[in-house]
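Pasting a structure here, questions to come.
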Ligand code: UVW
C-alpha cells in the first residue's frame with residue numbers, strides 16, 4: 001500500500017497569497033470584497049426574500065458535527081422553576097427572567113473557520129508562525145473576519161440537484177469543472193469575486209436519517225483537490241467558500257488519502273474564507289423555483305477573541 005504523502009510535499013508547488021495584502025493581514029481573500037462587490041451583490045436582489053443559512057443549534061436529535069466534536073450543551077440557570085422554588089433572583093418591581101449557559105465547540109454549528117484554523121510546516125495563513133495558535137490564537141483568528149463582516153454577490157451551485165439526487169453519496173466528489181457545468185445548466189455565470197455556495201444535500205440529509213447512519217463510515221462528499229482547481233480559485237479571486245457539508249471538501253483526497261487538502265491549499269495558502277455546515281435546503285428550493293441563482297450574501301461570525309472559528313447565521317437576500 002502506498003503511504004499517504006505529507007501535505008507539505010503534496011502542495012509543494014501550490015500558489016500562495018501570503019503578503020498580497022500586507023504583512024499584517026488576517027482576512028485574506030475577503031479583501032476582494034470591496035464596496036463595488038457589495039453593490040454587485042445588492043444589484044442581484046430582485047424579490048426581497050430573506051433566507052438564513054445557519055442550522056439550528058441544539059436540535060433535539062443532535063447537531064451535525066465533525067466526529068469528535070459535540071453539539072451545544074445548553075441549560076437554564078434561571079427560569080420560572082427557580083422562582084417557584086423560591087430560588088429566583090427577585091428584583092425590585094418583581095419581574096422574573098430566564099438565563100442560560102452553554103458549552104459549545106465553536107465549530108459545531110454553521111461556522112466561519114479562522115484563516116489560522118488549519119496549517120502545515122509550522123506556518124499558518126500569511127506565513128505567521130504556527131506557535132501563534134497556542135492557547136489564544138493571536139494571529140488570523142476568527143475575530144478579524146467577524147469585525148470585518150462578509151458581504152458580496154453569492155451564487156448557489158446545486159450539485160446534488162444537477163446530478164438528480166437529494167444528496168450526493170458518501171465520498172462523491174466534484175471539481176471546478178463540474179461547478180462550471182452546474183452553473184451552465186442553471187444558466188448562471190460564475191463571476192470573479194463571487195461567494196461560492198455549493199449544495200450537496202449532505203447537511204439536509206442529517207435531519208432525514210439517524211445519527212448512526214449519517215456518521216457510519218464518515219466520508220463527506222465534496223470538492224476534490226487538483227492543481228487546476230486551486231488555480232481556478234486563484235484566478236477567479238474567490239473570497240469565500242460556503243457549503244452544506246461539515247468540512248467543505250471530500251474528507252480524504254481520493255488519489256492519496258490526504259485529509260482535507262483544500263483546507264491547506266485554499267484557506268492556509270490563498271486565504272479563502274471557509275463557511276461550513278450551511279443550511280441550504282430552503283434557499284436552493286427558492287432558487288430552483290424561479291431559476292434565479294444569485295443574491296446578496298451577508299454574514300459575520302461571532303466576535304470571539306482568539307477563536308479558531310465561530311458560529312454564524314448568514315443572511316441571504318434574493
Ligand atoms: C476540521 O477542522 C477537521 O474541519 P472543519 O474545517 O470542518 O472545522
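With the structure loaded, tell me whether residue 30 is modelled with pLDDT of 95 or more, more than 16 Å from the ligand (Cβ to nearest atom), under 25 Å from residue 306 (Cβ atoms) and in the same structural domain as residue 286 (by TED's automatic domain parsing) or whether it fails that test.
Yes.
Moving on. Please verify whether region 77-97 includes one or more residues that are touching a strand residue (DSSP E or B) at 6+ places or on another chain (Cβ under 7 Å) and assigned to a strand (DSSP E or B).
The answer is yes, given that some residue of region 77-97 is touching a strand residue (DSSP E or B) at 6+ places or on another chain (Cβ under 7 Å) and assigned to a strand (DSSP E or B).
So residue 9 passes all but one of these: (1) assigned to a helix (DSSP H, G or I); (2) under 20 Å from residue 241 (Cα atoms). Which condition number does it fail?
Condition (2) is where residue 9 drops out.
Is there a residue in region 116-128 that is part of a loop (DSSP other than H, G, I, E, B), surrounded by 12 or more Cβ atoms within 10 Å (Cβ to Cβ), in contact with a strand residue (DSSP E or B) (Cβ under 8 Å, 6 or more places away or on another chain) and modelled with pLDDT of 95 or more?
Yes, the conditions are met somewhere in region 116-128.
For residues in region 129-161 being farther than 30 Å from residue 44 by Cα and touching a helix residue (DSSP H, G or I) at 6+ places or on another chain (Cβ under 9 Å), which is surrounded by the fewest Cβ atoms within 10 Å (Cβ to Cβ)?
So the residue we want is 138.
Here's something else I'd like to know. Being closer than 13 Å to residue 7 by Cα and touching a helix residue (DSSP H, G or I) at 6+ places or on another chain (Cβ under 6 Å) is the filter here; which residues of region 267-294 pass it?
Selection gives 268 alone.
If only one of 58, 41 is assigned by TED's automatic domain parsing to the domain that holds residue 289, surrounded by fewer than 19 Cβ atoms within 10 Å (Cβ to Cβ), modelled with pLDDT of 95 or more and out of contact with any helix residue (DSSP H, G or I) (no Cβ under 9 Å at 6 or more places or on another chain), which one is it?
That would be 58, the only listed residue that is assigned by TED's automatic domain parsing to the domain that holds residue 289, surrounded by fewer than 19 Cβ atoms within 10 Å (Cβ to Cβ), modelled with pLDDT of 95 or more and out of contact with any helix residue (DSSP H, G or I) (no Cβ under 9 Å at 6 or more places or on another chain).
Given the options 37, 49, name the one that is more than 16 Å from the ligand (Cβ to nearest atom) and under 19 Å from residue 275 (Cα atoms).
37
While we're on this one: Has region 165-187 got any residue that is assigned to a helix (DSSP H, G or I), closer than 26 Å to residue 67 by Cβ and either touching a helix residue (DSSP H, G or I) at 6+ places or on another chain (Cβ under 7 Å) or at pLDDT 95 or above (or both)?
no
Helices (runs of 4 or more DSSP H) wholly in region 188-297 with at least 1 residues that are within 29 Å of residue 124 (Cα to Cα), more than 16 Å from the ligand (Cβ to nearest atom) and touching a residue at least 24 places away in the same chain (Cβ under 8 Å) - which ones?
So the answer is 227-236.
Shifting gears a bit: Please state which of the following conditions residue 156 fails to meet, knowing it meets all the rest: (1) more than 15 Å from the chain's Cα centre (by Cα); (2) within 20 Å of residue 297 (Cβ to Cβ).
Status for residue 156: all satisfied but (1).
Among what's in region 89-107 and is within 12 Å of the ligand (Cβ to nearest atom) and surrounded by fewer than 23 Cβ atoms within 10 Å (Cβ to Cβ), pick the residue that is nearest to the chain's Cα centre (by Cα).
Only one residue tops the list, namely 106.
Is it the case that region 82-98 has a residue that's in contact with a helix residue (DSSP H, G or I) (Cβ under 9 Å, 6 or more places away or on another chain), in the same structural domain as residue 295 (by TED's automatic domain parsing) and farther than 20 Å from residue 238 by Cα?
Looking through region 82-98, none of the residues is in contact with a helix residue (DSSP H, G or I) (Cβ under 9 Å, 6 or more places away or on another chain), in the same structural domain as residue 295 (by TED's automatic domain parsing) and farther than 20 Å from residue 238 by Cα.
The values are calculated or read from the model by the stated rules, or taken from the named source; none is laboratory data. Note that the coordinates shown come from a computational prediction; the quantities given were computed from them, not determined experimentally. Glycine gets a Cβ as well: all are built from the backbone with ideal geometry, and neighbour counts include every protein chain shown.
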